[in-house]
Ligand SMILES: *Cc1c(COP(=O)(O)O)cnc(C)c1O
């Protein structure tokens, strides 16, 4: 047995923040294993830092979400939001669970096709669809959610040239009582713009209005906002039926459900305040059922939820590089995890736990990353036990957005590993190499040689 390290006795001031319903959250259990695989083994095999995804958690999340909606509403379809995490292995896990693809760029569109998603099961969102992208999407019978009038005219021209009826919906933005309002995407409900777009589509003979879409925001903590949004989309759908005798096939409520992360400056931990998927499902489905749809003509309900389905399936494992005292005496710990690979650290206070057993002694610590930049702060303040050089840490809830928004900076981006449902790890993205980066660089001939 190792000799115990000497730790000086300590009188600790109680933290001044409010206790939550479980009391003060000062103690953490170490996170030594992920889906039965030892963190230490993952790091020794795949390096540090390394992203680890749990296939089991992804599948269980999407099944729970489907159940929440399918037990309340007869026709439900999930579409995986590629930008939330577009690793092929992740997308295919969602596709195996029945999710369509929801993409917001030509690159993501191509990735969905590469993953084998049928064109008609790809929903194309976003303000940036080039003529080439639209040409592809219309030819493949994909569903295009129109963002603005310039896009409407582009689709009209391309569909006319191709002599194909484009399947379209409009994205609608609206006042749901959440401010600031996301009114930069799609057509506004309150000022009549949405109706302008609907009238244009209904009067065009190269477009078929198949649905109505909204995505009211992200990390939404209010199920009621979804209820308001669902009523407003239902009102538009029923208006279209009355005016044009045309039924839309679906209402797409977008994504945005909060995950269990804790927002910076949050009063209570995310696990205590984020509404459950059942609460969102209840708000949305009851609004649709209570609106004036004929009971036998309820539209298909599409959900594009991203972060709430994948955040808690992702972990970032790293190691302590060093400890040092700041000029004011505060303890600081430098990790090998920088903000360039943990983009979400700019708005979350992530749960961070040591990966090995520790003693009771904890101290307020600043956690820094390894980058030579002042903004490279993983946590401004966290109560952690003593960690030594070489000790491992686990950052929780990192499955959403980090693996798509990460930046290559100073070092190479790490491997991504997915643990399958039998507890077997697979590398799903190799670590970057110098060669990967040199492959896309070019040196003009006159700069090739130099003497020093
Ligand atoms: C980003 C996005 C989503 C997913 O959002 P989450 O907040 O991750 O649930 C869904 N639909 C659209 C149109 C999006 O842009």
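The values are calculated or read from the model by the stated rules, or taken from the named source; none is laboratory data. Predicted model only: the values in this text are computed from it and were never measured. Here the Cβ is made from the backbone with ideal geometry for all residues, glycine too, and neighbour counts use every protein chain on show.
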Checklist entry - If you go through the range 254-269, how many residues are within 14 Å of the ligand (Cβ to nearest atom) and either in contact with a strand residue (DSSP E or B) (Cβ under 9 Å, 6 or more places away or on another chain) or under 18 Å from residue 178 (Cβ atoms) (or both)? => result 8
Next on the checklist: Of all residues being more than 15 Å from the chain's Cα centre (by Cα) and within 16 Å of the ligand (Cβ to nearest atom) in the range 100-113, which is surrounded by the fewest Cβ atoms within 10 Å (Cβ to Cβ)? Just the residue, please.
Outcome noted: 107
Next on the checklist: I'd like the full set of residues that are closer than 15 Å to residue 91 by Cα and in contact with a strand residue (DSSP E or B) (Cβ under 8 Å, 6 or more places away or on another chain), limited to the range 390-401.
Outcome noted: 399, 400
Item to check | Matching residues, the range 206-238, being out of contact with any strand residue (DSSP E or B) (no Cβ under 8 Å at 6 or more places or on another chain) and away from the ligand (no atom under 16 Å from the Cβ) | outcome: 224, 227, 228, 231, 235, 238
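Going by the conditions given, is residue 341 away from the ligand (no atom under 16 Å from the Cβ), under 23 Å from residue 90 (Cβ atoms) and either modelled with pLDDT of 95 or more or buried (at least 24 other Cβ atoms within 10 Å of the Cβ) (or both)?
Details: away from the ligand (no atom under 16 Å from the Cβ): yes; under 23 Å from residue 90 (Cβ atoms): yes; either modelled with pLDDT of 95 or more or buried (at least 24 other Cβ atoms within 10 Å of the Cβ) (or both): yes.
Spelling it out, residue 341 is indeed away from the ligand (no atom under 16 Å from the Cβ), under 23 Å from residue 90 (Cβ atoms) and either modelled with pLDDT of 95 or more or buried (at least 24 other Cβ atoms within 10 Å of the Cβ) (or both).
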Item to check | Test: residue in the range 28-42 that is part of a loop (DSSP other than H, G, I, E, B) and within 21 Å of the chain's Cα centre (by Cα) | outcome: no
Item to check | Qualifying positions in the range 401-441 - under 20 Å from residue 54 (Cβ atoms), away from the ligand (no atom under 16 Å from the Cβ) and outside any loop (DSSP other than H, G, I, E, B) | outcome: 416, 417, 418, 419, 425, 426, 427, 428, 429
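Have a look at 126, 192, 177, 116 and point out the one that is away from the ligand (no atom under 16 Å from the Cβ) and out of contact with any helix residue (DSSP H, G or I) (no Cβ under 8 Å at 6 or more places or on another chain).
192
Would you confirm, using the coordinates I've provided, whether residue 54 is buried (at least 19 other Cβ atoms within 10 Å of the Cβ) and away from the ligand (no atom under 16 Å from the Cβ)? Quick ask: steps written out before the conclusion?
On the way: buried (at least 19 other Cβ atoms within 10 Å of the Cβ): yes; away from the ligand (no atom under 16 Å from the Cβ): yes.
For residue 54, the condition - buried (at least 19 other Cβ atoms within 10 Å of the Cβ) and away from the ligand (no atom under 16 Å from the Cβ) - is met.
Quick one: is residue 251 within 16 Å of the ligand (Cβ to nearest atom), within 26 Å of the chain's Cα centre (by Cα) and over 30 Å from residue 135 (Cβ atoms)? Write out each step before concluding.
Working: within 16 Å of the ligand (Cβ to nearest atom): yes; within 26 Å of the chain's Cα centre (by Cα): yes; over 30 Å from residue 135 (Cβ atoms): no.
For residue 251, the condition - within 16 Å of the ligand (Cβ to nearest atom), within 26 Å of the chain's Cα centre (by Cα) and over 30 Å from residue 135 (Cβ atoms) - is not met.
Going through 398, 394 one at a time, which residue ends up being within 16 Å of the ligand (Cβ to nearest atom), touching a residue at least 24 places away in the same chain (Cβ under 8 Å) and either under 26 Å from residue 218 (Cβ atoms) or assigned to a loop (DSSP other than H, G, I, E, B) (or both)? Break it down stepwise before answering.
On the way: 394 fails: within 16 Å of the ligand (Cβ to nearest atom).
So the residue among 398, 394 that is within 16 Å of the ligand (Cβ to nearest atom), touching a residue at least 24 places away in the same chain (Cβ under 8 Å) and either under 26 Å from residue 218 (Cβ atoms) or assigned to a loop (DSSP other than H, G, I, E, B) (or both) is 398.
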Checklist entry - Could you list, in sequence order, the residues of the range 70-92 that are within 15 Å of the ligand (Cβ to nearest atom), surrounded by fewer than 24 Cβ atoms within 10 Å (Cβ to Cβ) and over 15 Å from residue 53 (Cβ atoms)? => result 77, 78, 83
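Helices (runs of 4 or more DSSP H) wholly in the range 115-213 with at least 2 residues that are more than 28 Å from the chain's Cα centre (by Cα) and closer than 17 Å to residue 237 by Cβ - which ones? I'd like the intermediate steps shown before the answer.
Working: elements: 131-139, 149-162, 193-202.
Those helices (runs of 4 or more DSSP H) span 193-202.
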